[in-house]
Amino acid sequence: MDVSLSDLDALARRFAGERHDAYSERALARGYEEFLGRRRVSLAPFVLSAEEREYPSFYAILSDPDAKLATVEVTLDPPPPAGPSWEFLRPMDRIVVRADGSGDVYPLAQGSPERAIVRFLLREHYLPRSRPEEERGAAGGTRVALGGFLGTFDQGVAACRRASLLPFSVALLLYLPDERVRVELDLVRSTVLADPRAGRLPAARRVRRSARVSWGVDRAVGRGELPLLSARCLEVLVDSSGLTAVELAHILGGVRELVDSALQGLVARQWVTFDHRTGAYRPRLEAFLPPPGATARPLERDEPVADPALRTSVQELIAAADARATCPLCGNPLPPGPRGILCDSCAAKVDAG
């Protein structure tokens, strides 16, 4: 059953107080209806539980300050059988997320769960703003910054509470040894969404990226500076060798002119290049990777130090992903250590051409 507008309105009033005035109520109603109107293909309903306590929706966890989030489970109920509906995803039965950011992905077929690093990424949402706040923002005043919504599940919940923000959808990013899988959750309907490329882009045109590349892209998206359409264009482009605006409009839906505008914004950021001969947009992967020889920035005195166990697990994951990295042109394994995107043989052929 869909979470009702009245329930979201009551939660916004509880979180934001006077900021959620009559103007904000109308804006929430518009945002809610627009979100419902952008119906995407549902893969399966999910059940959410924390510390073995089942919650009717994500908003029930959000509104419960005593919710224990040491272990959170997202269970597909029932999961669809393996097949075309899982295209660009990994068939799974449930995801178990722990407070340190680690998790287990249980496959549909009987077998051992696969270990993963799990991150919470904000997608569509509503931020309560009163009319005076909106007018000050429109006149160049201070607006609420929405960065920092890429973290562990409990950090994502805490960030939503802190900003008095109501998420309509979020993504769980599963960093596995051979790839990153993005599982999108519709929180209003409590459903797992199918990948937008399923049935619209041949699987053969997908280019699998290492966890290192995906993490760089996710960090850029997680800063909250990109409009949602721009973020989706970037995410689809990175997992390809290049797509046209027409192809992206077919995959993501909407008007081609809007997709063109989003792509031009990515070109201006130098995250994407445009080939005038073919009309294809291609990702600049080097924009999301640290430069060769770069070292970690020293922590400031007041910065929190990451949990050593979590830091170790992330390093193990990146090492495993790098060990499986392949050249996107010939498919041969790439050597360990600092390297370019292509193997030496393909890079020489490209330079010669």
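About the centre of its Cα atoms, the range 1-117 shows a dipole size close to 320 debye [charges on the beta carbon of Lys, Arg (+1) and Asp, Glu (-1) only; nearest 20 debye]. Projecting the Cα atoms of Ala203, Ser230, Val217 onto the dipole axis of the range 189-236, where Lys and Arg carry +1 and Asp and Glu carry -1 at the beta carbon, places Ala203 farthest toward the positive end. Look at the dipole of the range 1-74 built from charges on Cβ: of Leu5, Pro45, Phe35, the Cα furthest out on the positive end belongs to Phe35.
Relative contact order, whole percent, for the range 1-148 stands at 21, derived from Cα pairs under 8 Å and 6 or more residues apart.
When +1 charges are put on Lys and Arg Cβ atoms and -1 charges on Asp and Glu Cβ atoms, the dipole computed for the range 47-199 relative to its Cα centre reaches about 540 debye.
Taken together, the values in this text are just the output of simple stated rules run on the coordinates, not laboratory data. Everything quoted here is computed from the prediction, not taken from an experiment. Note that each Cβ is placed from the backbone with ideal geometry, even for glycine, and that neighbours are counted across all protein chains shown.
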